Structure formats: C-alpha cells, structure tokens
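Structure first, then comments.
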Amino acid sequence: MRNPELSLTERLWLAFGGQAEQSAVIRFEGAESGLDFRLPIAPFAHASVALATLAAADLWSRRKGSTLPLVVIDRRQVSAAFRAERLIEPLGWDLPPLWDPIAGDYRAQDAWIRLHTNYSYHR
C-alpha cells in the first residue's frame, strides 16, 4: 500500500508546478508518533515538511547545476516540530492559559457563535 504522505506530497508538488519525476527523491523514515488527533493530520504534517524541503532541494540543485538530492523526512522529527508547544518548559514564568476566559461557544438568538479571543485584537 502506498503511504498517504507521499501521495499527498506528490499531488501538492504537481499542483504547485513541480515536475512529477522530482518527487521520486522523497523518502519518509521513522515511526509515526505524536500526532494522534481526531483528524489525520500526520500525513499533512509530513507532506508539508516534504514539500518545503523538496522546494529547497530543487532551488539548491538549480543554483549548483547538479542533480536533485535525496530528500529524507523523519516522521518523528516532524511530529516533534508540530507539537513543539508541548516541549516548552518556562523558566521563571508561567505559560499563559490555552484559552482566553471569554473564548468559547455562545448561544445566539438563531444559532451559535464561537468567540476566538486569545489575541487582544480579537476581543
């Protein structure tokens, strides 16, 4: 079975104007971990890093006049980067609360409204 992040990477690479054969240099390594959510975001996270890395490799190879190098994406490193906020350990200060006190879902007369007030300019 074809891995979903490679399929997604290839489709997006073509959509952004890349050549199909260029995506052949992409390799995904490592176990998928740390991005367990209700929606399958791991393939998106892996593909987005692969796209950025492939674009940088393409630019580098064009400037050097060389062949496109192998692009290796480590799933564990990508997962750590996408979950980096959980790796922060403040020294001498406290992390702010995840949600502003008035953020949330509120019943209106004919529907619901969600207030996103975590930024001061949203209040």
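Overview of results
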| item | result |
| --- | --- |
| Given charges at beta-carbon only (K, R positive; D, E negative), |dipole| of the chain in Debye | 300 debye |
| Placed amide H near F28: partners under 5 Å, 5+ positions off or other chain | I73 |
| Of all accessible heavy-atom area on the range 41-120, the percent that carbon and sulfur account for (1.4 Å) | 59 percent |
| Which of Y106, S23, W93, positive extreme of dipole for the chain (C-beta unit charges) | S23 |
| The chain - accessible surface per residue (Å², probe 1.4 Å) | 76 Å² |
| Space enclosed by the convex hull of the alpha-carbon atoms of the chain, per residue, Å³ | 212 Å³ |
| Theoretical ellipticity at 222 nm over the chain - DSSP helices of four or more residues, -39500 (n - 2.57) apiece, nearest 500 | -11500 deg cm²/dmol |
| Percent of beta bridges antiparallel (DSSP, the chain, rounded to nearest 5) | 50 percent |
| ³J(HN,Hα) computed for each position of the range 50-62 - Karplus, 6.51 cos²θ - 1.76 cosθ + 1.60, integer Hz, glycine/proline x | 4, 4, 5, 5, 5, 4, 5, 5, 5, 4, 4, 5, 5 |
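The values are calculated or read from the model by the stated rules, or taken from the named source; none is laboratory data. On a predicted model such as this, the values are computed, not experimentally measured, just so you know. Here Cβ is always computed from backbone atoms with ideal geometry, including for glycine, and neighbour counts include all displayed protein chains. The accessibility values were calculated without ligands, DNA or RNA, using every heavy atom of the protein model including side chains. Shrake-Rupley method; radii C 1.70, N 1.55, O 1.52, S 1.80 Å.
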